[in-house]
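Enquirer: The structure's right below; bear with me while I get my questions together.
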């Protein structure tokens with residue numbers, strides 16, 4: 001590929017990203033980014049004129065069930081099984097050091 005990424009460009013991008021790279025990392029990333037950019041160029045060169053734009057490769061269908069009201073477990077029965085309950089709600093330990 002003639003437009004190969006350079007070490008200086010990798011250093012520049014690393015600086016923009018506030019990354020500190022060792023010299024051996026610069027060489028490794030230069031090679032890796034060159035391969036990524038080559039692959040992107042391959043994808044860009046594909047003729048996709050006859051390919052319709054899509055947001056998903058497979059047709060999506062709604063997999064939700066109907067929202068039907070049904071009987072549920074009695075609240076008092078559930079709260080009776082909880083380790084702690086207060087004012088018809090579950091009592092949980094304090095969060096983030098809050099005290100009660």
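Enquirer: Can you pull out every residue in segment 79-93 that is surrounded by 10 or more Cβ atoms within 10 Å (Cβ to Cβ) and in a helix (DSSP H, G or I)?
Expert: 79, the sole residue that qualifies.
Enquirer: Picking from 67, 76, which residue would you name as being assigned to a helix (DSSP H, G or I) and without any contact (Cβ under 8 Å) to a residue 60 or more places away in the chain? Steps first, answer last, please.
Expert: Details: 67 fails: assigned to a helix (DSSP H, G or I).
Criteria check complete, one pass: 76.
Enquirer: Is it the case that some residue within segment 61-75 is farther than 30 Å from residue 13 by Cβ, out of contact with any strand residue (DSSP E or B) (no Cβ under 8 Å at 6 or more places or on another chain) and surrounded by 10 or more Cβ atoms within 10 Å (Cβ to Cβ)?
Expert: First, pick out the residues of segment 61-75 that are farther than 30 Å from residue 13 by Cβ: 61-75.
Filter once more, keeping what is out of contact with any strand residue (DSSP E or B) (no Cβ under 8 Å at 6 or more places or on another chain): 61-75.
So of that shortlist, the ones also surrounded by 10 or more Cβ atoms within 10 Å (Cβ to Cβ) come out as 75.
Among the residues of segment 61-75, at least one is farther than 30 Å from residue 13 by Cβ, out of contact with any strand residue (DSSP E or B) (no Cβ under 8 Å at 6 or more places or on another chain) and surrounded by 10 or more Cβ atoms within 10 Å (Cβ to Cβ), which makes the answer yes.
Enquirer: Just the residues that are surrounded by fewer than 10 Cβ atoms within 10 Å (Cβ to Cβ) and not in a loop (DSSP other than H, G, I, E, B), please, taken from segment 41-53.
Expert: Correct list: 43, 44.
Enquirer: List the pairs whose first member sits in segment 9-36 and is free of Cβ contacts under 8 Å to residues at least 40 places away in the same chain and on the phi < 0 side of the Ramachandran plot, whose second member is assigned to a loop (DSSP other than H, G, I, E, B) and surrounded by 13 or more Cβ atoms within 10 Å (Cβ to Cβ), and whose Cβ atoms are under 8 Å apart, counting only residues at least 6 apart or on separate chains?
Expert: Close Cβ pairs (under 8 Å, with a partner that is assigned to a loop (DSSP other than H, G, I, E, B) and surrounded by 13 or more Cβ atoms within 10 Å (Cβ to Cβ)) amount to 10/21; 11/21; 14/21; 29/21; 30/5; 33/5; 34/5.
Enquirer: Look through 24, 56 and report the one residue that is loosely packed, with under 10 Cβ neighbours inside 10 Å and assigned to a helix (DSSP H, G or I). Step through it out loud before you land on a result.
Expert: Numbers: 56 fails: assigned to a helix (DSSP H, G or I).
Result: 24 is the single residue among 24, 56 that is loosely packed, with under 10 Cβ neighbours inside 10 Å and assigned to a helix (DSSP H, G or I).
Values quoted throughout were computed directly from the atomic coordinates according to the rules given, and no laboratory measurement underlies them. All values derive from a computational prediction rather than experimental measurement. With ideal geometry, Cβ positions are generated from the backbone for all residues, glycine too; neighbour counts draw on all protein chains shown.
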